[in-house]
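Single-structure report; data block below.
The values are calculated or read from the model by the stated rules, or taken from the named source; none is laboratory data. Everything numeric here is computed off the predicted structure, so don't read it as measured data. Cβ coordinates were reconstructed from backbone atoms using ideal geometry, including for glycine residues, and neighbour counts include every protein chain displayed. Heavy atoms of the whole protein, side chains included, go into the accessibility calculation; ligands, DNA and RNA do not. Shrake-Rupley method; radii C 1.70, N 1.55, O 1.52, S 1.80 Å.
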Amino acid sequence: MSSQITGQISRDDELEFYRSIAEEARDIILVIKPDGYICYANPAAIAAYGYEREALYSLRVHELRDPATMPEIELQLQTARVSGALFRTIHRRRSGELFPVEVSSRAVRSAEGEVYVSVIRDILELQRVEEAQRRQQELVHGIVEGLDIPFFAVDRAYRYLVFNQTHVQNMKRLFGVDVQLGENILEYHKDPAVRQTVRQNLDRALSGEACAVESLVGDAQWEQQVLRVEHNPIRDLQGKIIGVVIFCSDISEQKKAEQEARACDLRNRELVEDTQVIIMALSSAGNIGYLNEYGQQFFGYASPAIQNKPVCELLMPELEVGGRNLRQLYAALWMNQVDGLREIHENRTAAGKRVWVDWLVRRGVNPQSGEAGWLCVGIDVTAKQRLLEEERKGYERRRCNELMQDVIAGRLTARQVQQSAAQLRLNLAGPFVCMVFAKEVAAAPANADAARRHVADDWLDSLKQQTTGIAWEANEGLCLLLPYDAKEEPLTIAAVKARVAGVMKNFDKYGLGKLGPVGVAYQSPPSVGLPLLYEQAVTALKFGCLQQTDEAVCIWQELGWLRLLAKDMQSLAAQQYVADCLGPLLGISPPEKSRALLATLRELLAGGMFDVIGERLNVHPQTVRYRKRVIEKLLHIQLDAQDNRTNLSIALKLYEVQQAKGIGNDIST
């Protein structure tokens, strides 16, 4: 019966089948005779060794080995004959290159007798991987053992995966136990409460949360430490959590030091905060790093508002009232030109109040941060210094007031003015811009003359300091002469407005008080003397609001026709002029009719069509025509005549000014 019928294959087919497997194999396959000669080599062998097939068949297997491995061959062949051999060795290519291999060899019987079948694998890359893994393991082991803090890792069942000797020693010292790999860490904690805490922390990490806890660790009968224990989850390549790695740091000394520091800080704080002395720490560049509670209350600043702010910009003016430059004084400190200073100088609070402090500044450290810089100790001497300063400034104010009042009144000769001005260090050469302020002293209570006097004096001093002008007090208000350098910029209305706006801006910036209207005049032409200049500023203060009702600053040069009649505004002649021009209209009863006719007259004098005037007065155009005829009949004039319009315009303006100033009779009376 043929093999096809029985389902079996022939011997030749079987051999061909196994030959085809060997031919396609990626590993080297050699068949070796007992004397060592190669009787078969697959294509992988030909490619690996670099010999042609016939050349390989003429070689003994010994010639494919590293000469250094020759002594091992006979024992390896004997082992392969008896039980099969699996070993690693070094083979050699035709080029002489050596490469590591893993050999699986076994003796088999064939029709030609006993032969050795060796399956050989090139393990060069495998050895490289193994070497890298070995080095990595050595590195990890070195890191773990090199840590001077306890380190260990556990799996999801809390069993030790690895630990270093520091952890072993720590567990022995704190709990009196000898830990073993594979053992459950919870079993080493006899106290149920401690065991429960350890489990909870491990479970937090096993759930994916990295956490760190600080606690007192150890049995009281052995030793105890305050440890910071850090728990971090261990993940495999797929991201699955397979355990927890733990680092422990002994912070006992740190905690002890912190407790001592807190106690010391508390004592220092009580000493620093309770004393009625300003204590301030500055950086080397002069920025505020610390100000004690008394200092915050004294200057009116909360701590966050002053942190890292320049002390010169925040707590002191650039120039004292006496003219000393404080920022230059302290710049010598920041530039290390001096080692410290002891000075009494002016400071400013958050509210803009001027205070005086006796400062001792020396090199030191911030009591909170420990940063090196300057330590400042200050004592409030405002009351004492204010008395001395007020005496000096009061004398200068009185002398200045007397001089300026004499100058305005014309009671002094030019020589006397020059001598007195030189004594007070005042420059009266000009040209000047004169400002007269109607100041409201709102800070003082009613009937408190002394308090009002103090506020007014303080205002004058501040005004003089901020503008470098001549400030004095007159019956009409508080006055200021601003020197003007006409060489730099011509003395024009625009330039004067800009200069006055700068002064007003300083009022807002330095909080110098609430202002009423301000009258302004400037020397144009330059020959205008100070008495006339002052009179013009006062006139602008009195009457400017009538022309510029929404402006706080009224300038004489912008008063227009009011400049011509300002002096005669209250005279009987002025009142008679109004009565002559407008009397018949003012005497009409009822007053509502008189007001309506005056309003119509004002619009007619301003010009415009009857339709436009009617819209402005909210009446019919025919009503406007009718009122025009009534006005002409009452006044016995023709409104279209230019002379009549001029006279009526002036009379109407005079009447409005007199009414605003309470001069003459109201039409309602």
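Couple of notes before you dig in:
- Accessible surface of the chain, 1.4 Å probe, proportion on carbon and sulfur as whole %: 52 percent
- Helix 11-24 axis versus longest C-alpha principal axis of the chain: approximately 30°, rounded to the nearest ten.
- Taking 0.36 nm per residue of separation and subtracting the current Cα-Cα distance, fully stretching the chain between V381 and K353 would add 8.7 nm.
- Packing here is the average count of other Cβ atoms within 10 Å per residue, and on that basis the peptides 285-296, 341-352, 553-564, highest first, run 285-296, 553-564, 341-352.
- Distance between the modelled labels on K593 and E72, one decimal in nanometres: 14.0 nm (7 Å Cα→Cβ projection).
- Listed values [x] 33; [y] 29; [z] 69 include one computed from this model; for percent of Cα pairs over 40 Å apart that value carries the label [z].
- Ordering G322, T413, M504 by Cα displacement along the dipole of the chain toward the positive end leaves T413 in first place; charges were set at the Cβ atoms of Lys, Arg (+1) and Asp, Glu (-1).
- What the Cβ-Cβ distance of E97 and Y18 gives, at R0 = 25 Å and to the nearest 0.05, is a FRET efficiency of 0.25.
- In this rough spin-label picture, where each label sits 7 Å from Cα along the Cβ direction, the E214-A552 distance is 5.6 nm.
- Inter-label distance for R135 and N308, nm, one decimal - labels placed 7 Å from Cα along Cα-to-Cβ: 4.6 nm
- Calculated FRET value between S207 and M335, using beta carbons and R₀ = 45 Å, to 0.05: 0.15
- Ordering of 180-189, 650-659 by packing [mean C-beta count within 10 Å, highest first]: 650-659, 180-189
- For the chain, the longest principal axis of the C-alpha atoms and the axis of helix 192-206 are separated by about 90°.
- When each of K505/K653; K633/K653; K309/K487; K628/K653; K487/K542; K309/K505 is checked by Cα-Cα distance, pairs over 28 Å: K505/K653; K309/K487; K487/K542
- Relative to the longest principal axis of the Cα atoms of the chain, the long axis of helix 382-409 lies at roughly 40 degrees.
- Linear extension gain, Q200 paired with H620, 0.36 nm per residue minus alpha-carbon span: 141.8 nm
- Beta bridges per DSSP with both ends in the chain, % antiparallel, nearest 5: 95 percent
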